[in-house]
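In what follows, a structure is listed as structure tokens, so that the remarks can point back to it.
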Amino acid sequence: MKKEFKIKEKCPACKGTGIYIGMGERDGIGIVCYKCEGTGCFEFVHEYEDFEKRAKSKAIHVLQTNPGISVGVGNGYKLTDFGGMSYNDWVKGKPFPKGSEMRMSVCPAWWYQSVNYKLKPNWDDCIGLGSFSSCRHFPNKEKCWKRFDNENN
């Protein structure tokens, strides 16, 4: 059953004044606030359904994260090329197996920046001009994964 709750709050955009002053408004000029329509009061409405149990997904394969790469089958790729695990194993609560990172596409630093920052390697010879793929070691990232595995039994 759908439910909702409403909160009347001081408008966060105009701080309750009804007048918005942003980057473009200078020299004493303000505009009618777009968020509260000049009232100073913003009504936040949240619609929701009570949680009963996790719903079934149409996914058949689960990755721990997506670091910004298009993933899917085709062009010679299969689901397991991207690491991860089966949806059924994930639903059963199994942990992601060792080596289930997206090793074919990203290096350990790129992957663990999103998954678990505490595990992100901070190697002196890592990264180049600011992007992971510009690192001089990126073309041989399998060596970086080997090093990562050795350092993180």
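Numbers at a glance
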read-out	value
The one condition in (1) closer than 30 Å to residue 92 by Cα; (2) surrounded by 12 or more Cβ atoms within 10 Å (Cβ to Cβ) that residue 41 fails to fulfil	(1)
Of residues in region 4-41 being part of a strand (DSSP E or B) and touching a Phe, Trp or Tyr at 6+ places or on another chain (Cβ under 6 Å), the one nearest to residue 52 (Cα to Cα)	7
Whichever residue in region 70-128 is exposed (fewer than 12 other Cβ atoms within 10 Å of the Cβ) and of a type in the set (Gly, Ala, Ser) and, among such residues, is modelled with the highest pLDDT	93
Scope region 128-153; condition more than 18 Å from residue 97 (Cβ to Cβ) and not in a helix (DSSP H, G or I); matching residues	128, 129, 130, 131, 135, 136, 137
Qualifying position, being within 30 Å of residue 108 (Cβ to Cβ) and either in contact (Cβ under 8 Å) with a residue 12 or more places away in the chain or not assigned by TED's automatic domain parsing to the domain that holds residue 131 (or both), among 20, 34, 87	87
Restricting region 37-70 to residues that are more than 24 Å from the chain's Cα centre (by Cα) and aromatic (Phe, Trp, Tyr), the residue that is nearest to residue 101 (Cα to Cα)	44
Unmet criterion (only one of (1) without any contact (Cβ under 8 Å) to a residue 24 or more places away in the chain; (2) assigned to a loop (DSSP other than H, G, I, E, B)) for residue 80	(2)
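The values are calculated or read from the model by the stated rules, or taken from the named source; none is laboratory data. The shown structure was predicted, so the numbers you read here are calculated from the model rather than taken from an experiment. A quick note on method: Cβ atoms are made from the backbone with ideal geometry, for glycine too, and the neighbour counts reach across all protein chains shown.
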